[in-house]
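Right, one structure below, let's go through it.
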Amino acid sequence: MTRGLFISFEGGDGAGKSTQSRALAQWLTDLGRTVVRTFEPGDTALGAVLRQAVQHGEEVSARTEALLYAADRAHHVDTVVRPALERGQDVVTDRYLDSSVAYQGAGRGLGVEEVERLSLWATEGLLPDLTVLLDLDPAVGLGRLTGTPDRMERAGDELHRRVRETFLARAEADSGRFLVLDATRPADEVAEAIRTRVRPLLPAV
């Protein structure tokens with residue numbers, strides 16, 4: 001059985017990751033492929049508990065935060081992502097390990113390389129076939145949000161600036177895996193650019 005495609009969406013809060021991951025999953029479904037659309041943190045029963053703890057619970061240290069995200073990711077990969085890929089299903093996820101590298105590694109100052117090693121250990125080295133980075137000025141993205149901000153959303157402008165810079169640096173260093181798009185462009189233009197990049201990854205029929 002052919003392994004499914006693994007595609008992640010990254011970027012700051014308010015960049016449109018949910019909108020574009022939903023659109024891509026629908027397009028792949030319309031092509032006749034079976035798609036699992038998921039997100040991090042929290043798209044398992046255990047993950048929901050960890051998400052609540054890390055985003056809305058009591059204040060925790062940066063290392064504790066990183067370990068909670070890593071625990072969520074390890075369980076997510078074990079129970080959702082890897083089984084789906086092995087069944088030949090495509091997996092489209094809103095956030096994956098690049099978020100931890102950017103937010104905890106750079107944003108929280110734990111070290112990009114250290115958090116990347118933790119994330120790769122948690123996932124047994126599983127990387128997406130494609131990572132779509134929706135790039136947006138953090139001030140614009142946070143201004144799009146509604147509701148009560150979580151711990152990361154209220155972490156301050158400097159953290160979000162470092163996060164953006166780290167995402168862009170990772171994309172530049174690994175252009176074969178990343179597709180960087182301006183998230184201020186109209187949503188339909190962004191969706192078409194994503195489809196253009198994904199088409200060559202699909203098996204010929």
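Does segment 176-201 hold any residues that are of a type in the set (A, V, I, L, M) and in a helix (DSSP H, G or I), and which are they? Spell out how you get there, then give the answer.
The first filter runs over segment 176-201 and keeps only residues of a type in the set (A, V, I, L, M), leaving 179-181, 183, 187, 190-191, 193-194, 198, 201.
ALA187, VAL190, ALA191, ALA193, ILE194, VAL198, LEU201, listed by residue number.
Whenever a residue of segment 161-172 is open to solvent by less than 60 Å² (accessible area, probe 1.4 Å), its partners that are in a helix (DSSP H, G or I) and charged (D, E, K, R), lying with C-beta atoms within less than 8 angstrom and at least six residues away or across chains, give the pairs PHE167/ASP98; ARG170/ASP98.
Conditions tested, residue by residue: (1) acidic (Asp, Glu); (2) open to solvent by 20 Å² or more (accessible area, probe 1.4 Å); (3) part of a helix (DSSP H, G or I).
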residue: GLY4; (1), (2), (3): no, no, no
residue: ALA66; (1), (2), (3): no, no, yes
residue: ALA74; (1), (2), (3): no, yes, yes
residue: ARG82; (1), (2), (3): no, yes, yes
residue: LEU85; (1), (2), (3): no, no, yes
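Selection of segment 1-26 for residues being within 20 Å of ARG177 (Cβ to Cβ) and either among the hydroxyl-bearing types (Ser, Thr, Tyr) or over 19 Å from the mean Cα position of the chain (by Cα) (or both) yields THR2, ARG3, SER8, SER21.
Residues in segment 16-33 that are in contact (Cβ under 8 Å) with a residue 24 or more places away in the chain, under 13 Å from LEU202 (Cβ atoms) and open to solvent by 50 Å² or more (accessible area, probe 1.4 Å): LEU31, ARG33.
Could you please let me know if ASP90 is closer than 20 Å to SER21 by Cβ, surrounded by 21 or more Cβ atoms within 10 Å (Cβ to Cβ) and modelled with pLDDT of 95 or more?
Yes; evaluated as a whole, the condition is true for this residue.
Kindly indicate which of GLY156, GLY105 is farther than 25 Å from ARG3 by Cα, among the small types (Gly, Ala, Ser) and at pLDDT 95 or above. Break it down into steps so the answer makes sense when it comes.
Working: GLY156 fails: at pLDDT 95 or above.
The unique qualifying residue is GLY105.
Filtered by the rule that a residue be open to solvent by less than 10 Å² (accessible area, probe 1.4 Å) and either of a type in the set (D, E, K, R) or free of Cβ contacts under 8 Å to residues at least 12 places away in the same chain (or both), segment 93-102 gives a lone residue, ASP98.
The values are calculated or read from the model by the stated rules, or taken from the named source; none is laboratory data. Everything numeric here is computed off the predicted structure, so don't read it as measured data. Counting neighbours? That spans all protein chains shown, and the Cβs are built from the backbone with ideal geometry, glycine included. Calculation scope for accessible area: heavy atoms of the full protein, side chains included, ligands and nucleic acids excluded. Shrake-Rupley method; radii C 1.70, N 1.55, O 1.52, S 1.80 Å.
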